[in-house]
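The values are calculated or read from the model by the stated rules, or taken from the named source; none is laboratory data. Owing to the predicted nature of the structure, the values given are computational and were not obtained by experimental measurement. So basically every Cβ, Gly included, is an ideal-geometry build from the backbone, and we count neighbours across all protein chains shown.
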Amino acid sequence: MTKKEVSDLLNDSNDNYYIYALCRPNGEPFYIGKGTVNGAGVHRVLSHWGMGDKKDKNKIKHKIIKEIKAEGKTLRYKILRFFKKEEDAFTYEIKKIFSYGRINNNTGILANLDDGGRGGYGAVFTEEMRTEQSNRVKKYYEEHPEARLHNSIKTKEWNAKHPEEVLERTKKCAKTSRTEGSREKSRVGILLFYEKNPEMKEHLANKTREWVRNNPEKEAERRTKAKATLSSEEERKKNSDRRKRWFRDNPEKASLMIDKSIATRAKRTTIRLRCLDFIKKHGIDIVAPDGRTSISIWQEFEEKLYGLEKTMCVG
């Protein structure tokens, strides 16, 4: 369609929303978008023939448009469908983006940076908008399980071909997730997930145990790295501050945790003292490798336990 044809079509429409496609000179679409049938919507559409919308930060899309203009060719534009309801327009947009696939996740030919729906790339999302968008995409994938499988396969293929980029992306994600806000958000999200899916907690625990059993060397390496990290002065201070903050912000839970800890220690103390009484009563005398007898060892331990009990009672 020409610039005038698009303008006339939008101005004459009695609908409220529309889905459009930006196309290469050969007619192949490279971007799917949603527009509003009003003056602002018409201006946004026509801006693609000029320098483009300055608020739009989609570098992939602008690069394709510049390449087309540099070759002296004409950008093509298609109005795919009009809609009365915005919800219907969003659903259709998600469907079209999935059918063509995206460049940035190596699933297709489109320059779109997300799956479509409310907001789009660069929008400022409220929590309500994020939830609405998330539910819309989830609903689409529930109704189209083949779409989820398709994207999963494409992503795995891309990851296998670009291990260095995957590693770099993983490092960036890890760096982002180390902030206090991200940690707390992740923690709350995991707790809610387990609350809604209690069977998954046991399933993941079994998977973890299986991995540890089958990869003893990697597990030993992981433990060594974790120990080195946690033993650093900086990390010890972070953990200390984090625990103090948690105890301050959760007084009821902290009190319950302390009570449980005291009860556990008292139980262990009782069991060990009973063992000592049994040894004394039956006169068991076993010599340890360091030369001490069982009674002397337990007597030393008894003194420590009494000291511990005294400390617990005072506390």
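Overview of results
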item	result
Selected residue [under 17 Å from Asn112 (Cβ atoms), part of a helix (DSSP H, G or I) and at pLDDT 85 or above] from Ile65, Ile19, Ile32	Ile65
Selection within the stretch 75-114 - hydroxyl-bearing (Ser, Thr, Tyr) and outside any helix (DSSP H, G or I)	Tyr77, Thr107
